[in-house]
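Before any comments, here is the structure.
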Amino acid sequence: MKKLNHKNYDPIKDCPFEKDSNVPFSFLAEAFDIVAELKGENSQLYKKTILSNMFCSIIHNKPDDLVYVYNFCINKLVILNK
């Protein structure tokens with residue numbers, strides 16, 4: 001299984017949770033940890049890629065949780081950027 005920051009991440013094959021199961025908090029925490037550690041040139045692009053991979057996995061495996069995760073992310077990212 002590839003990590004969210006791997007260039008060939010596949011949202012279906014590499015997703016750490018099964019289709020229609022709840023999105024584990026550890027999946028979100030991993031994405032935020034990777035994003036928080038990124039610095040330097042092109043870091044914004046990498047951050048967008050990681051979050052896109054996370055959201056694609058959620059859309060494919062548990063679309064019902066997308067709204068909840070999105071709202072959680074907005075609150076979390078606003079705090080990180082202050």
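Since every read-out is calculated from the coordinates, none of them should be taken as a lab result. Bear in mind the structure is a predicted one, so any value in this text is a computation, not a measurement. Quick reminder, even Gly has a Cβ in these numbers, built from the backbone with ideal geometry, and neighbours come from all protein chains shown.
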Of the candidates I34, I50, I12, the one satisfying the condition of being in a loop (DSSP other than H, G, I, E, B) and among the aliphatic types (A, V, I, L, M) is I12
Positions within region 14-48 being surrounded by fewer than 17 Cβ atoms within 10 Å (Cβ to Cβ), in contact (Cβ under 8 Å) with a residue 12 or more places away in the chain, closer than 20 Å to L66 by Cα and more than 9 Å from the chain's Cα centre (by Cα), in sequence order: D14, P16, F17, E18, K19, D20, S21, N22
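Taking only region 60-78 into account, find how many residues are of a type in the set (V, I, T) and surrounded by 13 or more Cβ atoms within 10 Å (Cβ to Cβ).
First pass over region 60-78, keeping only residues of a type in the set (V, I, T): 67, 69, 74, 78.
Narrowing further to those that are surrounded by 13 or more Cβ atoms within 10 Å (Cβ to Cβ): 69.
The number of residues fulfilling the criteria is 1.
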For P11, which of the numbered conditions (1) free of Cβ contacts under 8 Å to residues at least 40 places away in the same chain; (2) surrounded by 16 or more Cβ atoms within 10 Å (Cβ to Cβ) fails to hold? (1)
